[in-house]
Amino acid sequence: RGCLQGVTTGASPPVDAEVAGVIYAVILAAGASSRMGRPKALLPLGSRGETVVSRGVRVLLEGGLPAVTVVAGVHHEAIREALPPNDRRTQVVAHPGWEQGQLSSLIAGLDAVDGPQVEALLVTLVDVPLVRPDTVRALVAAWRSSGAPIVRPVDGSRHGHPVIFDRSVFADLR
């Protein structure tokens with residue numbers, strides 16, 4: 001649904017990827033969820049027994065990304081427990097500065113995965129759980145074909161998630 005539009009505007013990654021041209025994914029899940037009364041990342045979703053965060057990780061991996069990093073704040077231990085324990089494609093980064101806001105969490109995720117093999121970073125929010133694997137694949141294809149530094153999905157005049165940031169904008173993000 002909708003179309004894709006390009007918009008111009010160190011820890012190691014969780015897998016042993018030494019090939020050039022990797023796009024890593026980051027899910028921002030560091031908020032306190034104070035209005036929800038419990039972590040929204042851990043809310044049940046669908047009939048598969050998934051949580052919001054585990055579905056997000058699954059969709060990004062099924063969409064062809066080699067690894068997913070979840071940036072978590074106060075609930076980092078519970079979020080870590082909600083993910084498969086031995087999947088080397090996923091990691092949870094505990095972000096102690098989560099109260100500084102979403103940009104600080106994005107930077108924490110970028111710092112956790114950035115390395116010479118990283119070509120781009122796909123970022124999404126934990127509270128956007130209904131992204132589909134085909135959307136992820138289409139977004140990656142649009143980024144590869146467009147050469148745009150930032151690519152995001154659009155539906156009419158509405159912009160959405162996930163967003164791909166090319167390596168060329170990493171310094172600007174930081």
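The values are calculated or read from the model by the stated rules, or taken from the named source; none is laboratory data. Please read all numbers here as calculations on a predicted model, not as lab measurements. Positions of Cβ are generated from backbone atoms using ideal geometry, with glycine treated the same way; all protein chains shown enter the neighbour counts. When the accessible area is computed, the model is the full protein with side chains, heavy atoms only, and any ligands, DNA or RNA have been set aside. Shrake-Rupley method; radii C 1.70, N 1.55, O 1.52, S 1.80 Å.
Heavy-atom surface analysis with a 1.4 Å probe gives region 97-174 a carbon and sulfur content of 54 percent of its accessible area. Multiplying the residue separation of Glu81 and Glu99 by 0.36 nm and subtracting their alpha-carbon distance yields 4.3 nm.
Distant-in-sequence amide contacts of Val26, defined by a placed amide H-H separation under 5 Å and a gap of 5 or more residues or a different chain, comprise Thr69, Leu122, Val123, Thr124. Spherically averaged projected area of the convex hull of Cα atoms, region 105-167: 4.9 nm². Taking other residues whose beta carbon is less than 10 angstrom from the beta carbon of Gly63, and scoring Lys, Arg as +1 and Asp, Glu as -1, yields +1. Annotation: amide H-H contacts under 5 Å for Thr90 (H modelled 1.01 Å from N, sequence separation of 5 or more, or interchain): Val68.
Toward the positive end of the charge dipole of region 45-174, with +1 on the Cβ of Lys and Arg and -1 on the Cβ of Asp and Glu, the farthest Cα among Gln91, Gly109, Trp143 is that of Trp143. Ranking of Phe165, Phe170 by solvent-accessible surface, largest first: Phe165, Phe170 (1.4 Å probe, protein heavy atoms only, all chains present). Short to long, the 5 Å bins of the Cα pair-distance histogram for region 42-162 hold 2, 10, 19, 24, 22, 14, 7, 2, 0 percent of all pairs.
Close amide-amide hydrogen proximity is noted between His95 and Ala72, Gly73, each under 5 Å apart and 5 or more residues distant or on a separate chain (H modeled in the peptide plane; Pro and chain starts excluded).
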